[in-house]
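Take a look at the structure set out below.
Read-outs throughout are calculated quantities, based only on the coordinates presented, and are distinct from any laboratory measurement. Everything numeric here is computed off the predicted structure, so don't read it as measured data. Cβ placement follows ideal geometry from the backbone for every residue including glycine, while neighbour counts extend to all protein chains displayed.
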Amino acid sequence: MAHEPVDVLIIGSGASGAAVAWSLAETKMHILCLEQGDWMKPQDYPSAGRDWEQRQLGEFHYSPNRRARDTDYPVNDAGSPIKVANFNGVGGGTVLYAGHFPRFHPSDFRVRSLDGVADDWPIDYATLAPYYDENDRIMGVSGLAGDPAYPPHQPMMPPLPLGKSGSALARGPRRERPARSRADPATWLCGQRLR
């Protein structure tokens, strides 16, 4: 098996590599996807435990410099306004992904025409919209229609329920005790009984 020829070699199994592999899966081609790291077990993800915040700052940090796993390599981003966010393992950066699927606005494709900066894209939003829709369908993207942060479109799935914490935050703090500080909502919100 190690010496069998392949038709397509995909380097990296993150979002892009997985999408390419998925798109070719039903062909008769021999496809090989190489990844620099190990298979991750979902029960090992930070979200599986109560110490998720601490683990996101250590072994699951977005920066390989901070994470320092055996499969990581140092990245010098000191002079860059953009900080690397990757993961070396099967799933790539999707291991750290929080599930946010933003769409570009139609105006984002025309920054030269509208804002006088950079260049306009050679395509427009309408050209990409069917691909956004396909990705949303495959990934199970949910949400509310009418969010002004995104171009008008109908979400593929209904929004997820808020859960206990989200419902408590939506109701607002109870006024059983006086607020500690109006200047810092987090200070007084944490002091209220939200359970």
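Proximity of backbone amide H atoms, modeled 1.01 Å from N, is registered between Gly91 and Ser13, Gly14 at under 5 Å, excluding neighbours fewer than 5 places apart on the same chain.
Subtracting the Cα-Cα distance of Ser80 and Ser16 from 0.36 nm times their residue separation leaves 20.7 nm of extension gain. Residues whose amide H comes within less than 5 Å of that of Ile10, counting only those at least five positions distant or on another chain, are Leu32, Cys33, Leu34 (H built at 1.01 Å from N in the peptide plane).
Net charge in the neighbourhood of Trp121 (other residues with Cβ under 15 Å of its Cβ; Lys, Arg +1, Asp, Glu -1) is -2. Full extension of the segment from Gln154 to Asp108, taken as 0.36 nm per residue of separation minus the current Cα-Cα distance, would add 14.6 nm.
Other residues whose C-beta falls under 12 angstrom from the C-beta of Phe60 contribute a net charge of -1, scoring Lys and Arg +1 and Asp and Glu -1. Coupling constants for the stretch 81-88 follow from the phi torsions by the Karplus curve (6.51 cos²θ - 1.76 cosθ + 1.60, θ = phi - 60°), and in residue order they are x, 9, 9, 5, 9, 9, 8, 9 Hz; glycine and proline get x. Legend: ranking of residues Lys83, Lys41 from fewest to most surrounding C-beta atoms inside 10 Å; resulting order Lys41, Lys83.
Karplus-based coupling profile of the stretch 14-23, in residue order and whole Hz: x, 4, 5, x, 5, 5, 5, 4, 4, 5, with θ = phi - 60° in 6.51 cos²θ - 1.76 cosθ + 1.60 and x standing for Gly or Pro. At full extension, Leu32 and Glu134 could sit 34.3 nm farther apart than now, given 0.36 nm per residue minus the alpha carbon distance.
For Cα Rg over 2.2 N^0.38 Å, computed directly from the structure shown, the correct entry in (i) 1.21; (ii) 0.93; (iii) 1.34 is (iii).
The chymotrypsin sites (Phe, Trp or Tyr not before Pro) of the stretch 1-105 that DSSP puts in a loop, and whose beta carbon has at most 10 other beta carbons within 10 Å, are Trp39.
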